[in-house]
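Colleague: First the structure, which I've put down as structure tokens, then a few questions once you've had a look.
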Amino acid sequence: MTVTIIGTGLIGCSLANRLKETGFAKKIIGLDNKPQNVQTALSLGWIDESLDLDEAIKQSELIVIAIPVDATLQLLPGLLSKLDKQVLMDVGSTKEIICRSVINNIKRGRFVATHPMWGTEKNGPEAVVKDAFEGRVAVICDKDKTDADALQLIEKLYKAIGMQLVYMESGVHDVHAAYVSHISHIASYALSLTVLEKEKEEDAIFELASGGFESTVRLAKSNPAMWVPILMQNKENVLDVLNEHIVQLRKIKSCLEKDNFTYLQELMENANKIKRILK
């Protein structure tokens, strides 16, 4: 099978590598609006060649959109209309607005809205992870609006690279993504800003940084060009989660201000219940 991947960054190239590694794809065509990304992806062997979009579509059975969600929103409707029998999928972190943009498209059935729940704080084709996606969850949204053969192809793809499948409505996905993914990035960015502000006063602060600090702020190294559009598209759900997060922070702040360490311990013990879910 020939697969075209639009976006030769971390996700696109990690997926390309796994598709070739598992034998799912024999040829990968890579497209990107950054020529350097294409050249790097070619030199590292993640993609086999780069063509213009129309020629890539003609030669492919599957097209994957692996670009920021704002760019996906602009590209998707026109790209979908160009298809014949090819299957088109995206891998973005927001789904409701993306799906809504093609709800009346005559080729809607050829599109599979997906979100593989994997990524790192790094970006670019140099950041490819060899065992990417293995053991993680891939969400497929609004499957009832997708043609049966298109859905089966994408299910086969995700199973080939070792992912577990979960099915959701696009709006439900965005609510859950706000809680388990998007708020984590906001918290990491906020903590990073807090510490950087303090560092202006105390140069030695990072000499004390431990593994706990590094793991907490790791996500703050994520590319803003990817994350600002995600937060814009999922703004209402993210605000709901952020408001609840602020409520919990205020509880902890109040405990410290009032020396209410009994309640502080209770809050922490309640937080420990996450161990039941995250082993």
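Readers should treat all values here as calculations from the given coordinates under stated rules, not as data from a laboratory. This is a predicted model, so every value here is computed, not measured. Quick reminder, even Gly has a Cβ in these numbers, built from the backbone with ideal geometry, and neighbours come from all protein chains shown.
Colleague: At a 10 Å Cβ-Cβ cut-off, how would you order Lys107, Lys159, fewest neighbours first? Please report the intermediate quantities before stating the final value.
Modeller: Values: Lys107 18, Lys159 14.
Ascending number of Cβ neighbours within 10 Å: Lys159, Lys107.
Colleague: Okay, next question. Picking from His185, Cys255, His173, whose Cα lies most toward the positive end of the charge dipole for region 173-276 (charges on Cβ: Lys, Arg +1; Asp, Glu -1)?
Modeller: His173
Colleague: Does anyone have the angle between helix 235-257 and the longest principal axis of the chain? Alpha-carbon axes, 0 to 90°, nearest 10?
Modeller: That works out to roughly 20 degrees.
Colleague: Residue-wise, which Karplus ³J(HN,Hα) couplings in Hz belong to region 151-163, taking 6.51 cos²θ - 1.76 cosθ + 1.60, θ = phi - 60°, and x for glycine or proline?
Modeller: Taking θ as phi minus 60°, the curve returns 4, 4, 5, 6, 4, 4, 4, 5, 5, 5, 9, x, 9 Hz for region 151-163.
Colleague: Could you give the angle, 0 to 90 degrees to the nearest 10, between helix 35-44's Cα long axis and the longest principal axis of the Cα atoms of the chain?
Modeller: With rounding to tens, the tilt is 80 degrees.
Colleague: To continue, here is another question. Per-residue counts of other Cβ atoms within 10 Å, averaged by peptide: what ranking do you get for 84-91, 49-56, highest first? Can you show the working numbers first?
Modeller: Numbers: 84-91: 19.8, 49-56: 13.6.
Averaged packing, sorted descending, gives the order 84-91, 49-56.
Colleague: How many angstrom lie between the C-alpha centres of region 211-279 and region 104-119?
Modeller: Answer, in whole Å: 30.
Colleague: Quick one: which residues, 5+ away or cross-chain, put their amide H under 5 Å from the amide H of Asp90? H built at 1.01 Å from N.
Modeller: Under 5 Å from the amide H of Asp90: Ile65, Val112, Thr114.
Colleague: Give me the percent relative contact order of region 173-276, please, defined on Cα pairs under 8 angstrom at least 6 residues apart.
Modeller: 34 percent
Colleague: Something else about it: Using only Cα atoms and rounding to the nearest 10 degrees, what angle (0 to 90) does helix 69-82 make with the longest principal axis of the chain?
Modeller: 20 degrees
Colleague: Rg to Rh for the chain: what is it, with Cα atoms only and Rh by Kirkwood?
Modeller: Rg/Rh: 1.02.
Colleague: Lysines near Lys34 by alpha-carbon distance under 18 Å, same-chain residues fewer than 8 away left out - which ones?
Modeller: The reachable lysines, counting only those whose Cα sits under 18 Å from Lys34, are Lys122.
Colleague: Output ³J(HN,Hα) for region 217-233: one whole-Hz value per residue in order, computed from phi by the Karplus curve 6.51 cos²θ - 1.76 cosθ + 1.60 with θ = phi - 60°, and x for Gly and Pro.
Modeller: Result, ordered by residue: 9, 3, 5, 5, 8, 5, 5, x, 4, 8, 7, 4, x, 4, 5, 5, 6 Hz.
Colleague: For each of Cys141, Cys255, count neighbouring Cβ atoms within 10 Å of the residue's Cβ, then give the residues from fewest to most.
Modeller: Least crowded to most crowded, the residues run Cys255, Cys141.
Colleague: Say the cut-off is 26 Å between C-alpha atoms; which of Lys143/Lys221; Lys156/Lys275; Lys26/Lys85; Lys26/Lys156 go over it?
Modeller: Exceeds cut-off: Lys143/Lys221; Lys156/Lys275.
Colleague: For the chain, give me the percentage of DSSP beta bridges that are antiparallel, rounded to the nearest 5 percent.
Modeller: Of all bridge pairs located within the chain, approximately 15 percent are antiparallel.
Colleague: Given H placed on each backbone N at 1.01 Å, which residues far from Met117 in sequence or on other chains put an amide H within less than 5 Å of it?
Modeller: Val137, Ala138, Val139
Colleague: I've got another one for you. Let me have the relative contact order for region 1-102, percent, based on Cα pairs under 8 Å that are six or more residues apart.
Modeller: Across region 1-102, relative contact order equals 29 percent.
Colleague: Let me ask another. Quick one: order Tyr189, Tyr263 by neighbouring beta-carbon count within 10 Å, fewest to most.
Modeller: Placing the least packed residue first, the sequence is Tyr263, Tyr189.
Colleague: Give me D for region 157-279 in µm² s⁻¹, whole number, from Stokes-Einstein with Rh from the Kirkwood sum over alpha-carbon pairs, 4 °C and 1.567 mPa s.
Modeller: Stokes-Einstein gives a translational diffusion coefficient of 75 µm²/s.
Colleague: Let me ask something else about it. Using +1 on the beta carbon of Lys and Arg, -1 on that of Asp and Glu, and nothing else charged, what's the dipole of the chain about the Cα centre, debye to 20?
Modeller: 700 debye
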